[in-house]
1. If a residue has to be open to solvent by 50 Å² or more (accessible area, probe 1.4 Å), in a loop (DSSP other than H, G, I, E, B) and closer than 26 Å to Ala38 by Cβ to count, how many in region 193-214 make the cut?
2. Scan (1) over 25 Å from Glu125 (Cβ atoms); (2) of a type in the set (S, T, N, Q); (3) open to solvent by less than 30 Å² (accessible area, probe 1.4 Å) for the single condition Thr64 breaks and write down its number.
3. Quick check on this structure: which one of Ala38, Ala47 is in contact (Cβ under 8 Å) with a residue 40 or more places away in the chain, in contact with a Lys or Arg (Cβ under 8 Å, 6 or more places away or on another chain) and open to solvent by 40 Å² or more (accessible area, probe 1.4 Å)?
4. If Ala142 meets every condition in (1) more than 16 Å from Arg218 (Cα to Cα); (2) open to solvent by 30 Å² or more (accessible area, probe 1.4 Å); (3) not polar (S, T, N, Q) apart from one, which number is that one?
5. Has region 120-131 got at least one residue that is at pLDDT below 95, under 29 Å from Gly228 (Cβ atoms) and in a strand (DSSP E or B)?
6. Do the conditions hold for Val119, that is, is it closer than 15 Å to Thr64 by Cβ, in contact with a strand residue (DSSP E or B) (Cβ under 6 Å, 6 or more places away or on another chain) and without any contact (Cβ under 8 Å) to a residue 40 or more places away in the chain?
7. What number of residues within region 107-129 satisfy the criterion of being within 19 Å of Ala203 (Cβ to Cβ) and either open to solvent by less than 40 Å² (accessible area, probe 1.4 Å) or polar (S, T, N, Q) (or both)?
8. Could you please find all residues in region 132-147 being within 18 Å of Asp215 (Cβ to Cβ) and part of a strand (DSSP E or B)?
Amino acid sequence: MELLAVEAAGRGMEVLTAEEAATAGGPAYWYGGPVAGARWAGRLGFALLEPADEWLADLPQEFTGRDVRAATVLDAWAIERPTFVKPPRDKSFPADIYADGSRLPADLDPLTPVLLSDVVTFAAEYRLFLLDGQIAAGSRYAVFGRLDPYPLDRHGPLAPEIAEFVDRLVTDAGPALPSAVVVDVGQLLDAYRPGHQWAVVEANMAWFSHAYAADPPRVLDVVLRAAGPREHVKPADLPFVRH
């Protein structure tokens, strides 16, 4: 957040709280949580772009490397084997491997959307800020599940591999994403296959995603498109506006 704020200020933009922005007037952009964002969007006039809940579940398995299905908390409570369970977008409960459905919080709304997926191991995971289907900025953020940020452009031969995977992904599933979005990808390990397979971890809202070691100016470009004035939203992005 701080690095993006410094970059925004360097562009002559004021960095304000929502309350301050409400009295300042002028076009507003958002970087923050979804609950507060939804509450302030109408008053401040910005539109929040986000991927559909079922986007990951609808991908062909060549891009996910595992079985992923869209479901509800009610379905998740019924699982009887270890499963990775996560909210599609909001952080309403911790995304984690649950031994069975009884380990999930009991106070959740049964109709809350969730994604259920096979348990897999990612050797490394990368956050990619996409703008118009191209990687604008990126960063490694984890190695074997441990936080380990490192700039994407310093990854030598891995960066072109990631770009090639994203090109195929965008060609196949790009129209189902907003023009400004975050897609996390990773090196999926498989004991029965040598080397690694690139796979999508998840898609996220750019305006609610940590930049890690990605280039702040390019990250800000994506955030400004993903959470800017409603009148600037492109027609193709209208289906992705959070309501």
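The values are calculated or read from the model by the stated rules, or taken from the named source; none is laboratory data. Since the model is a prediction, treat every value here as computed from it, not as a measurement. No Cβ is skipped: glycine too gets one built from the backbone with ideal geometry, and neighbour counts run over all protein chains shown. Side chains included, ligands, DNA and RNA excluded: accessible areas come from the protein's heavy atoms. Shrake-Rupley method; radii C 1.70, N 1.55, O 1.52, S 1.80 Å.
1. The qualifying residues number 2.
2. For Thr64, the exception is condition (1).
3. Criteria check complete, one pass: Ala38.
4. (2)
5. Checked against the condition, which is being at pLDDT below 95, under 29 Å from Gly228 (Cβ atoms) and in a strand (DSSP E or B), region 120-131 yields no hits at all.
6. yes
7. 12
8. Of everything in region 132-147, those that are within 18 Å of Asp215 (Cβ to Cβ) and part of a strand (DSSP E or B) turn out to be Gln134, Ile135, Ala136, Ala137, Gly138, Ser139, Arg140, Tyr141.
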